[in-house]
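The values are calculated or read from the model by the stated rules, or taken from the named source; none is laboratory data. This structure is a prediction, so every number in the text was calculated from the model and none was measured. Don't worry about glycine lacking a Cβ; one is built from the backbone with ideal geometry, like all the others, and counts go over all protein chains shown. Accessible surface is based on the protein model in full, side chains and every heavy atom, while ligands, DNA and RNA are left aside. Shrake-Rupley method; radii C 1.70, N 1.55, O 1.52, S 1.80 Å.
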Amino acid sequence: METGLATRVPVEPIDVRRLGPILGPERVEELLETAAALRRLLDGRRVVNVNSTPYGGGVAEMLRTLVGYTLGAGLETIWLVIEGNPEFFTITKRVHNGLYGGPGDGGELGVAEHARFDGVAERNLERVRPLVRAGDVVIVHDPQPSGLIAPLVELGAVVIWRCHVGYDGSNEWTERAWGFVRGYVEPAHAFVFSREPFAPAWIDRAWLGVIPPSIDPFAPKNRDLRGAEVLALLRGAGLLAGDGAPGDPRVRHVANIVRDGTLLDPQTPLVVQVSRWDRMKDMTGVMHGFVEHVPAGGARLLLAGPETAGVEDDPEGAEVWHETLAAWERLPRADRARVQLVAIPMADPVENALVVNALQRHASVVVQKSLAEGFGLTVAEAMWKARPVVASAVGGIVDQVVHGETGLLVDPTDLAGLGAAITRVLDDAVEAERFGRNARRRVEQRFLGDRHLFDYARLITRLVTS
Ligand code: UDP
């Protein structure tokens, strides 16, 4: 397959004033002033983002809105997506898993893998080079496009490498993955990690920015939905019984649902985890924690993720979907009836986002039992919707969930602990409501786009003026 045709993702500008009702006029004014100062400083130079997929996963999710707001604030910004082939993405997935402290598929990261990685970078560079001018600020996201960093620096661009993944400690797998990545990323002028402990010791601390991600309250994924709208969206996706009521016409693709038993009744309390089909998200662990440690009662577990053909840079998705399915099939019949697996179509990203939004809002408890997590946008998304969250005490999740205040943190290896936490939230509506209220406030204070854009503006200003 011919590869290397990096493409530009069209993004609609978003007026930052739209954040006014949530942030208040002062925060919006400050944002506009910061953008104006940066525009003067950049003086026609562009901000270029480069990653490896336009849809699926947290980075694409965030870029769509951040690039939109940056354009809306009058800064010249573009978003490029590199193209790879299955072999390339198998290698980058191995690196990605390694940076999370896991073995991934256990394959090599040696000379042959470097050669394949370099080849894809070289071919993408042909497309990227004419789009980047000396002085432009290029933000390269994650390891996949990192082969472009050195040539872009040579071209005279100011390059930031932003790493969205990470592991709280180090082990043989992180060491091996960093060994692969280091040579590609080290030429960058500055580095951004979601948390400080994710940055290896050789990253120059003087040029390390710690910037947690953010969510957009107005994106289809997060915007307010009325109760009736939530139910209609879920009916439209085929997830809820309707008693003849119509589904929301915006949902044109029915989800692929694996269930043993009747369609869910809207009154049934739902425990939901929404994630890519990735072993780090441990969907199977959530399933066992639920059926073995949450007393059988009214609640059902729904494990939802994207249709696996829809996420281009994630070759393991289909495998993990099948593993989860096989684990579900092995459950005793009575337990199987308590769990549903859902693959949400990715054909239309807005439709997908609306269904995820509705699912998160409809959930009585949102779970994110990742074994490792860079940040975990799904956690911020649920918290914004004032949902009580039960999540692993790993990576960026601990920056979001304050145990006992905005939700509950659990040890991801402790399935009984997970079950107990879910049961506690299901059984105590007053506490669940308090968690939700506090969670929304925490996201409002720390994880919305204005804070994110300020952090970027500070780093870019320092880079360009130094
Ligand atoms: N997501 C989605 N559809 C799905 C599953 C996930 O849109 O079927 C989104 C989810 O809402 C979140 C992102 O993908 O915005 C996942 O980001 P996160 O940081 O949680 O994990 P990552 O996938 O980046 O590891």
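On the stretch given as the stretch 177-196, residues that are more than 23 Å from the chain's Cα centre (by Cα) and aromatic (Phe, Trp, Tyr) total 2.
For the stretch 219-235, enumerate the residues that are among the small types (Gly, Ala, Ser) and part of a loop (DSSP other than H, G, I, E, B). The one that is among the small types (Gly, Ala, Ser) and part of a loop (DSSP other than H, G, I, E, B): 219. Scanning the stretch 46-74 for residues that are away from the ligand (no atom under 16 Å from the Cβ) and either surrounded by 19 or more Cβ atoms within 10 Å (Cβ to Cβ) or part of a helix (DSSP H, G or I) (or both) turns up 47, 48, 50, 69, 70, 71, 72, 73.
Among the helices (runs of 4 or more DSSP H) contained in the stretch 104-195, which hold 2 or more residues that are touching a strand residue (DSSP E or B) at 6+ places or on another chain (Cβ under 7 Å), within 30 Å of residue 464 (Cβ to Cβ) and among the hydrophobic types (A, V, I, L, M, F, W, C)?
Working: elements: 111-128, 149-154, 172-185.
Hits in the stretch 104-195: 149-154.
Among the conditions (1) outside any loop (DSSP other than H, G, I, E, B); (2) among the polar types (S, T, N, Q); (3) farther than 20 Å from residue 268 by Cβ, residue 370 misses just one, which is (1).
With respect to residue 388, determine if the residue is under 16 Å from residue 168 (Cβ atoms), of a type outside the set (Ser, Thr, Tyr), away from the ligand (no atom under 12 Å from the Cβ) and surrounded by 21 or more Cβ atoms within 10 Å (Cβ to Cβ). Against the criterion (under 16 Å from residue 168 (Cβ atoms), of a type outside the set (Ser, Thr, Tyr), away from the ligand (no atom under 12 Å from the Cβ) and surrounded by 21 or more Cβ atoms within 10 Å (Cβ to Cβ)), residue 388 does not qualify.
For the stretch 341-367, a residue qualifies if it is open to solvent by 40 Å² or more (accessible area, probe 1.4 Å) and part of a helix (DSSP H, G or I), and the qualifying residues are 349, 350, 361. Of all residues in the stretch 141-169, which are open to solvent by 30 Å² or more (accessible area, probe 1.4 Å), within 16 Å of the ligand (Cβ to nearest atom) and of a type outside the set (Phe, Trp, Tyr)? Within the stretch 141-169, just 168 meets the criteria.
Just a yes or no: is a residue in the stretch 364-374 within 11 Å of the ligand (Cβ to nearest atom) and among the aliphatic types (A, V, I, L, M)? Show your work before the answer.
First pass over the stretch 364-374, keeping only residues within 11 Å of the ligand (Cβ to nearest atom): 366, 368, 370, 372-374.
After this cut, where a residue has to be among the aliphatic types (A, V, I, L, M) as well, the list is 366, 372.
Checked against the condition, which is being within 11 Å of the ligand (Cβ to nearest atom) and among the aliphatic types (A, V, I, L, M), the stretch 364-374 yields at least one hit.
Criterion first (basic (Lys, Arg), away from the ligand (no atom under 16 Å from the Cβ) and either open to solvent by less than 10 Å² (accessible area, probe 1.4 Å) or closer than 19 Å to residue 463 by Cβ (or both)) does residue 182 satisfy it? No: the conditions fail for residue 182. Residues in the stretch 87-103 that are assigned to a helix (DSSP H, G or I) and open to solvent by 20 Å² or more (accessible area, probe 1.4 Å): 87, 90, 94, 96.
With respect to residue 77, determine if the residue is out of contact with any helix residue (DSSP H, G or I) (no Cβ under 6 Å at 6 or more places or on another chain), among the hydroxyl-bearing types (Ser, Thr, Tyr) and surrounded by 16 or more Cβ atoms within 10 Å (Cβ to Cβ).
No: the conditions fail for residue 77.
When 419, 396 are checked against the criterion of being within 21 Å of residue 284 (Cβ to Cβ), modelled with pLDDT of 95 or more, open to solvent by less than 10 Å² (accessible area, probe 1.4 Å) and out of contact with any strand residue (DSSP E or B) (no Cβ under 8 Å at 6 or more places or on another chain), a single residue qualifies: 419.
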